[in-house]
Each structure stands twice: as C-alpha cells, then as structure tokens.
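Each remark here refers to the structure printed beneath this line.
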Amino acid sequence: MRSYFPVLNAMGLIIMIFGLLMSFPIAISYYLKDGAHIAFDTAVLITFTSGLVLWLLTRGKRRDLRVPDGFLLVAATWIVLPVFGAIPLMAYLPDLGFVYAYFEAVSGLTATGATVLSGLDDMPVSINVWRTFMHWIGGMGVIVLVVAILPLLGIGGRQLFKAEVPTPMKESSLTPRITETAKGLWITYILLTVACGISLWLAGLDGWDALIHAFTVAGLGGFSSKDASLGHFNSVPVEIVVIVFALLAGLNYATHYLALVRRSPRPYLRDPEIPFFFGVLALSVALLTVYLTQHNAHSDLGSTVRYVAFHVVSISTSLGLATYDYTMWPMFAQMWILFLGSFIACSGSTGGGIKMMRAMILYKQVFREIVRSLHPNAVHPVRLGGQPVSDPILHAVLGFSFMYMVSIVTMTLVLAASGLDIITAFSAVVACINNTGPGLGAVGPASNYAGLDPFQISALSFTMILGRLEIFTLLVVLTPVFWRR
Amino acid sequence: MKIIILGAGQVGASVAENLASEANDITLVDTSAEHLELLRDRLEVRTVCGNAASPYVLHDAGAEDADLLIAVTQSDQTNLCACKVAKTLFNLPTRIARLRSGDFVDYPELLNDDNFAVGFSICPEQIVTDHIKRLISFPEALQVLEFADGVVSLIGVRAFAGGPLIGHPLKAIRYHMPNVEVRIAAIYRNGEPIMPEGDTVIVPGDEVFCLAATVHIRQVMRELRRSDQPMRRIMIAGGGNIGFRLARSIENDYNVKLLELNPRRTEMLATQLDRALVLRGDSTDEKLLENEGIDETDLFVALTNNEEDNIMSASLAKRMGARRTLALINRKSYVDLVQGGPIDIAVSPAQISIGTLLAHVRRGDVVAVHSLRRGAAEALEIVAHGSEKESKVVGKAIEQIQLPRGATIGAIVREHRREDGRLVRHEVIMPHHDTVIRSNDHVIVFCTHKRLVRQVEKLFQVGFTFL
C-alpha cells in the first residue's frame, strides 16, 4: 500500500507558507484601515492552522518524494490552495458563494484573470491586492517558490519543479542545484515586477494601482482594480509600459536570468523562441491594423494602432487586461487575438497556451513529414536553436498538443450542453485553458463570468487548472493507472 | 635537410614521398608498425614506431638535430603536444602541425612559442574543401590554383571542340582577347607536355594550363570551350570531414544533397547543416540516386574515404545522367584511368594539401607550391630578393635568366607600395622576353617536371658566392 502521508506532509508545509503570504494583504489592510482585515484575519487563522495540523499529523511519515508523489503533490496543491485563497473573498463578500469565490481564487492563482466580481473600484485596496498577489505567486509557481525557500523537499524538488514549470524541455536547468534555479527565477521575477511597478508609477498611476497592476502584468494575470480594466486610466504611457512588461514577462524567465547573471544580451540572441515571438506579434499588429482600418473600427489610424497593439500583446501573452471592448471588432479580429493566446507565450514564461516552443516543434515536425514523403531516405531531425529535439520530447509535444485540443473540444461541448451559446462556450474555454481571462460573447472584456451558472463556473475552474499545469500533471493524477498498485 | 614526419597516414605518406625524392633525410613516426613497413619498402625513409608525442620517440627519431617537424597525425592533441615537446626539449627550429579543428585557430595565442609552439598549422580537409569549392565556381576547369593572395590564377582546362580558340595557333589569342593578358603555361597532349610556342595549335582534348589575372579567368575559359550552364544542383556522396565541410560552405549558394551511409553520422550532419538535404543511403544505390533526381544533377561529387567507391559511384552517376562528376582519387594510376572518361575531375587530396606544406620545406622565398597533374608538374610562387649583384634574377631581363628547359616564367606580380610601406595595389605583368625582374617581385614559375623545381629554387637564392 502506497503511503500518501509524505505528500500530505509536504502539503501541510505549503499551506502554512500560503497562510503566511496572506499577511501581506493584512498589513495593507491594517495600514489603510480599509475594513477588510477581519476577513483576512479569519483566512490566515484557518489556513495556517489547517496547514499546521496536517503537517503535525503526518510528521512521523516524512521521506523523500518519489516521482508519482511529485505529480500528486503539485496537482493537489493547485486544487486545494484556491480553497484557502477564496476564504478572504467569501468572508468579505458573504453573498458570493463558494463556487464563485473558488473560481475567482483559481483565476487568481493560475494567473488567468477571469473575474466574477464587479464593483472593483469600490472594493478595499487589500482585497484587490490579494487578488493580484495570487496572480503574482501563481504566475511563477507556488511550488517553485517553496522549492526556492525550503530546500528540505530534497530530491523530490526537481520532480516537482518539472511538474509545475511550463516548458517542453523539462530536463534543462540553469544551475546544478534545483534550489538555486528556483531562487534565480524568483529573483529575476521580483526584479522585473519592481521595475514594472516603478514604471507604472512614473507613467501616472497612484502607488496602490501601480502595485496591483505590476503584480498582474508580471504574472501575466489579468485582474485589475477597476471594472473597466486598464481602460479606466485611458493613458497612452500606461499602456506602453504594460505592453513592454507584458512582452518581457512573455519571454522565458530563464533567458532573463542568464542575461542578468552574465550581464550580456547574448542569451536573448540565442533564444530560438524570441524571433518568432516578436515576429508573429509584429505581423499580427500590422495585419490587424490594416484589416480594422478597412472596416473603420476606429476613427483614425493612431487609435487603431493603439488599440490593436495593446490587445494583441495583452490577449496573446495571456495577460488579459483590456482598454476597449474588442468584441465590437469584426469576429475575425477577435478570433485572431484569442487564437494567438494559444501559442505566443514562450516556454518558461508566466504566460499560457501550448507555448511558442511547442508550436515551433509542431511546425517543424509537419515540415519534416513533408520532406520525408518527398525524400524517403532523408535524415531530417527537428532542430531548435541548432540542437536536435529528441524523439521522447517530440512525442511528448505531439501528445500534449493533441490533449490540449481534446480538452478544448470536450470542455466546449460540456459548456454548450449546459446551455451556453457556442461562441461564449468556446471562447470561455480557450480563454481559461490559455489562462488569458476575457473571452468573447457573454464573457467578453466588457462583461464578466458572473453570468454563468455554478456548474459552468466549476467546469471553467477545472479548465484553468488544467491549462496552468499543462494538462498532463493533472491528467496523470486523474487516471486509474496512477492509483493502481 | 633533416625532416621528421609524425603520422604515416595519407598526408604523411605523400609528404614523405614528395620530399624523399629531393635528397632530404626523412624519418617517419607512426604507431602502426605494418604501416611503416609498407612505406619503408617503397620510399627511402627511416621509420620509428611509437607515440608521436612521446619525448623518447622524438629523441629516437632524431629530433635533436632535425631542421623541420611535420606533425600530421590524425589527432590534433598529439600534433600539438609533439610540437611543444620538440620545442621545449629539442629546440627544433620549424614545427608544422595539422589541426583539423578550427577551435585552435580561433585562439592564435595558444599556438605561440610560450604555449603549444606551433610554427605553422595546416588543415588538409579545409584546403581540399576550398579547392573543390573553387572548382565548383569554375565548373569547366580541371584545376584552379591561386597565387599572390588570389590576384593571379592558374587554370587547367580541357580544350573542347567548339571553343573559339581551338584549332588556331596560340598567337591568335591576342586578337581574340585584346584586353586580356593571358599566358599559356603548358599544354599536355595525350599526357605528354608540349612547350607552347606562338604557332602551337590547340586541338580538342588538350589539357591547357593558362595563367591570367583572376578577374579575367571566366573570359579566358570561354575561349577554350563553350561555357557550361552554371551549377545549381549538387549531390555529394560521403559525409566525412571533407563532405561535411563542403556541404556547409556551399549549402546557401547551391541546392545540395548529401549522401551518407552511417546512421549516426547522418544525424550529426543533419543537425549541423541548415539547408542541405541529408540522405541516408549508399552512394552506389541506383534506386536512391534515381529517386533523388541524379539525371537533373549538375555535379556529382564523390568524397568518401574509399577511392574505389568514389570511382564507382561517380561513374554510375555519370551514366545515370549527372552532368559532371568529381571524385577524390589519390592513386595516380587510377586518375589516368578514369579522368576524362566517366569522371570529369579527379582531385587528389594528398597532392593538394601538401602544396602548402612544401612551401615551408623549400628553400628561398617560396610562397606557394602547387602540384599540377597529380604531382607531375609544379607551379611555384617565388619572391625575388637581393640586389642585381647578388641575385641571378633581379635586374635581369627574362631572356637573360638561365632557366632550365621545361620551366617558364608565367607571370610576375609586382607590389606597389606607398612611401610609408602601405600596399597600394598589385600589378599583374605577363612577362615578355625583355621584361626586367625587380626585387620583391612575386614570380610565378611553371615547371613541366618536378625535378626542375630544385634548379629553379637555386636560381632564385641569393648567392653568397658573389660576396
């Protein structure tokens, strides 16, 4: 009989750390006296105690985590943590209901940004900070954080890391020690967030809004402190800052880290994803500008470029902030930016989708099949950045991409069966699995997810976790093979 | 001269063969006793069996009083180490090493006297690759050799019926190309050299060697044969060192297909090459050649290590419709057998790569030595030095120089320098009987037979007897 106690023990630890992280919004709440501190006090108490009890009860059963344990721990963490993340929201807004609060917390931790709340402008600052703070923690990864600060997870750390970090090249690591790698990624992440916050503040946001939006942008989340999202500020400098930092957050953090450590721009030049990342984005901005100009979507060229550039970057990197109700655009343009979100973000970034690296591998695999049918003797390995992609990785990418599409189709059908129109159902699933946030139709940027019924909301919560954990980590735990002895 | 050659492989053996016939004391070092025995029977050399980098082996080979060390083993590491040992322990004056990897060349400070003490490094694979590349850009030529940093070229062309000059005496060349100075250096008819005179008539089938400024090469070639269509599709058989280097250097300019049999090697090739199509298969596999469109191939290049395979696959390719074929063939007897028949160009890697080496062995100021016709003839680039009193060539008109019969002065490249010594331009002079040679001129001498080389070198040496 396999023992699950070591996993529960590690989870107790993670829950305790999560409880401690809640003290950040509490401090803000007490400082501003915004009236939300009781909600947070309750939440910290429940969270920390639960973690402590779990940890104490299983303390005697501690051992190094094995491969299946890693999957279970990561999957369970991502399902359970939002429960605790939802407590402050439920305590402050008793009418919300657990299913919707859980959705909001999942959307926060998976850095999706789909919200069921309105009246954000009048919410206490600490509640909005907590929502985006969850983006920020979940963007880089809770487990990565735990691995970085607690080396006691031991050998299992690398396994956990692989299960959580979104990249097809699971074997690559920056430093010989996984703890160092996790630390390096988090330090890079913190530096980028600080730079983003300061830039937003200089661009004209007040201190709290700058903080909230820095968390959102660095984690490529999508929550805002305003109902009108970033459109509330109607400021070109703010939009430019957000575009720049969303692009930076959409690149591989490992590349940022290397560039930082070596103090040289060479890692950027060597990253094979970067040319495609910027290339596809630039092409999309140019084509959509031409297309929308012809359809007279905006009054002049200047504002067309402004809105196109912002939304292409925001939606495709899976940030999900909006400055304009782009569901007013022709359907083609809406679909385009939604689809871009499926693959633009680079591997190892905080963005969602199948990642640029997998898209490149898929494309090259297709090209390889064409060459192979013309030249049966040709040797044509799939290469990325001058290195051959091994067959196991190739198979994993093919399998993943297939499951990604199956997930979209299945979840769309589930939502359609529950009574949603097909555009809303499809776009909501795509927006959730890519961790983008706003979809089209009834869940577009001008409205939110509050109109969906509890079943649909639960299905979308599941979809978000599925997307954040790149399907397999969750799927492994859900298969009978995993539980069979 | 006392010479030690490390490594009795293809390169080492050809160098030994070339130098042994010039009254040098040669010692060959190799780890394979059988290899050495074979060579000792054939050549007049001493052999030492052992690790070339070992101080004792070098001592046995006579490193203490040797003048020149040529380290051409298969391993870069052995060659580097041997140079260092020879410098440190025996203070051997001139050390040449074969370095296959370009990595060391990128860090020249590693090769200076404080470190690996390599006086001069060569990479035979690169030299052969460059040579084949030149042949590809001049598809009609049998040989293309460059002198004086590429200012002057010597090309060998087989005369074909239909070329404007064919059937006319050589002096007609001036009327055909009034603006181009060209010198016909030698003509080989049925394998025998003919000294070109003004009224020599070129007949189809002749191998014509002519010297001209590099910029005029294409024009000269057009006179001797109808020009071919430019090359577009090239198939390379053999993805070894040379095949890989060649594919990499031409893959952006041509449509390249590379055939290789070894599965692991093909993986490596396909990873390293961006545009060339790597095919796994035997180059003598008819079906494969047919599927890959051999009949539309402009040039088939056979570059495997096995010369018989090269001959067979190139012959097969030719029969199946490849427009031109080139094969690496070392054995002279094979070359005479197939060149001009199924194989258009035979390239001898050993002959090509030792030219650079020989330039260091020869006396005087020999800048370059190129073997022509697989070593039967040679072209030398020599710098004339000294004053009129000391030298037998400086200050003399061509007709006054007592060149041995069979040697001709093909061209003179004169450097024009400003007063501060900066080079302004190279002037290419096609000498006439009254042209006077000046000091520092680069003189290109063409010898129809190898034994003349020594006499020409002596002629150019600054004679101490005049003191």
Task: Ranked list, fewest to most other Cβ atoms within 10 Å of each Cβ, for B:Val456, A:Val106, A:Val125 - done: A:Val125, B:Val456, A:Val106
Task: Sorted by Cβ density within 10 Å, fewest first, the residues B:Glu146, B:Glu34, B:Glu399 - done: B:Glu34, B:Glu399, B:Glu146
Task: Residue pairs, from the table A:Lys61/A:Lys183; B:Lys87/B:Lys389; B:Lys171/B:Lys396; B:Lys133/B:Lys287, whose Cα atoms sit over 32 Å apart - done: B:Lys87/B:Lys389
Task: Protection proxy ranking, peptides B:195-206, B:93-104, B:61-72, average beta carbon neighbours within 10 Å, highest first - done: B:61-72, B:93-104, B:195-206
- [ ] Tell me what chain A gives for mean residue ellipticity at 222 nm when only DSSP H runs of n ≥ 4 count, each as -39,500 (n - 2.57), the sum divided by the residue total, rounded to 500 deg cm²/dmol.
- [x] -21000 deg cm²/dmol
Open item on the list: From the C-alpha coordinates alone, can you work out the Kirkwood hydrodynamic radius of chain B, in Å?
Closed with: 23.7
TODO: Quick one: which residues, 5+ away or cross-chain, put their amide H under 5 Å from the amide H of B:Ile329? H built at 1.01 Å from N.
DONE: B:Val347, B:Ser348
Task: Between the stretch B:86-101 and the stretch B:327-402, the alpha-carbon center distance in angstrom - done: 25
- [ ] Between beta-carbons, use under 11 Å as the cut-off and find the net charge around B:Ala86, counting Lys and Arg +1, Asp and Glu -1.
- [x] +2
Task: For the stretch A:389-483, radius of gyration divided by Kirkwood radius, i.e. Rg to Rh on alpha-carbons - done: 1.04
Open item on the list: In whole Hz and in residue order, list the ³J(HN,Hα) couplings for the stretch A:103-109 that follow from phi through the Karplus curve 6.51 cos²θ - 1.76 cosθ + 1.60, θ = phi - 60°; x for Gly and Pro.
Closed with: 4, 4, 5, 4, 4, x, 5
- [ ] Could you go through the stretch B:389-403 in sequence order and give the Karplus-derived ³J(HN,Hα) for each residue, using 6.51 cos²θ - 1.76 cosθ + 1.60 with θ = phi - 60°, rounded to whole Hz, and x for Gly and Pro?
- [x] 6, 6, 9, 8, 10, 5, x, 9, 7, 3, 5, 7, 6, 8, 6
- [ ] Counting other beta carbons within 10 Å of each Cβ, put A:Lys355, B:Lys133, A:Lys183 in order, fewest first.
- [x] B:Lys133, A:Lys183, A:Lys355
TODO: Enumerate the amide H contacts of B:Leu6 below 5 Å, restricted to partners 5 or more residues apart or on another chain; note that Pro and chain-start residues carry no placed amide H.
DONE: B:Val29, B:Ile70, B:Ala71, B:Val72
- [ ] Treat each spin label as a single point 7 Å out from the Cα along the C-beta direction, and report the B:Arg405 to B:Asn306 distance in nm.
- [x] 4.7
Task: Cut-off under 5 Å, modelled amide H: who pairs with B:Leu279 long-range - done: A:Val379, B:Leu258, B:Leu259, B:Glu260
Open item on the list: I want the local charge near B:Glu192. Using Cβ-Cβ distances under 13 Å, sum +1 for each Lys or Arg and -1 for each Asp or Glu among the other residues.
Closed with: -1
Task: Efficiency of FRET between B:Asn262 and A:Leu374 - r from beta-carbon atoms, R0 22 angstrom, step 0.05 - done: 0.45
TODO: At a Cα cut-off below 16 Å, give the lysines reachable from B:Lys450, other chains included and same-chain residues fewer than 8 away excluded.
DONE: B:Lys332, B:Lys458
TODO: Per DSSP H run of n ≥ 4, the term is -39500 (n - 2.57); total these for chain B, divide by its residue number, and report the mean residue ellipticity at 222 nm rounded to 500 deg cm²/dmol.
DONE: -8500 deg cm²/dmol
TODO: Could you compute the FRET efficiency for B:Leu110 and A:Arg177, with r as their C-beta to C-beta distance and R0 at 41 Å, rounded to 0.05?
DONE: 0.80
TODO: List, in order, the whole-Hz ³J(HN,Hα) value for each residue of the stretch A:445-461 obtained from phi through the Karplus relation with A = 6.51, B = -1.76, C = 1.60 and θ = phi - 60°; use x for Gly and Pro.
DONE: x, 7, 10, 8, 8, 5, x, 7, 7, x, 5, 4, 4, 5, 4, 6, 4
Open item on the list: I need the Kirkwood Rh of the stretch B:2-122: take the reciprocal of the average 1/r across all distinct C-alpha pairs and report it in angstrom.
Closed with: 14.0
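We did not get these values from a lab; they are worked out from the coordinates using the rules stated. A quick note: this is a predicted structure, and the numbers were derived from the prediction, not measured. All Cβ positions, glycine included, derive from the backbone under ideal geometry; neighbour counts span all protein chains shown.
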